[in-house]
Amino acid sequence: MEALDDLSLLELLNGCREVIKTAANFPKPSEIIAAAKRVYEEPLSGPKMLEYQEISKEEREEALKATEAIKKALTAGSPAKPAPVKRIVHVTKSIEEQKEELRKRGYIQ
């Protein structure tokens, strides 16, 4: 399927629609590309080429400082620790056993 990565979604859709009309078996990527070319009758879009401006070292340093300030501002109000998770304890002792345990520990008389 990597062979179809260069097609836009619309080109892929139209190519599949076209090849399904005549295909006896599951179409190969080359058949889908050929069918898409027939639909558009022009070269396909292919991968987009990006060009970036060259930046100076000073511009890069300024951008790093600006993003550092933004990072600090975004993290300033964030909580340091998440709230502790409360555990649920299922008691297996009777109420009288619990009272006796509390008396031994000195919590009640």
Under the 0.36 nm per residue contour assumption, what length would be gained going from the current alpha-carbon distance of I88 and K37 to full extension? 11.9 nm
Among I33, I88, rank each residue by its count of other Cβ atoms within 10 Å, from fewest to most, as a rough exposure measure. I88, I33
Most exposed first by the Cβ proxy, i.e. fewest other Cβ within 10 Å, how do S56, S8 rank? S56, S8
Straight-line reach from K37: which lysines have a Cα under 17 Å away, not including same-chain ones fewer than 8 places off? K21, K28
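Read-outs: derived from the displayed coordinates by stated rules, not from any lab. The structure presented is a predicted model; accordingly, all values stated were derived computationally and were not measured. Ideal geometry is used to build each Cβ from the backbone, glycine not excepted, and the neighbour counts take in all protein chains shown.
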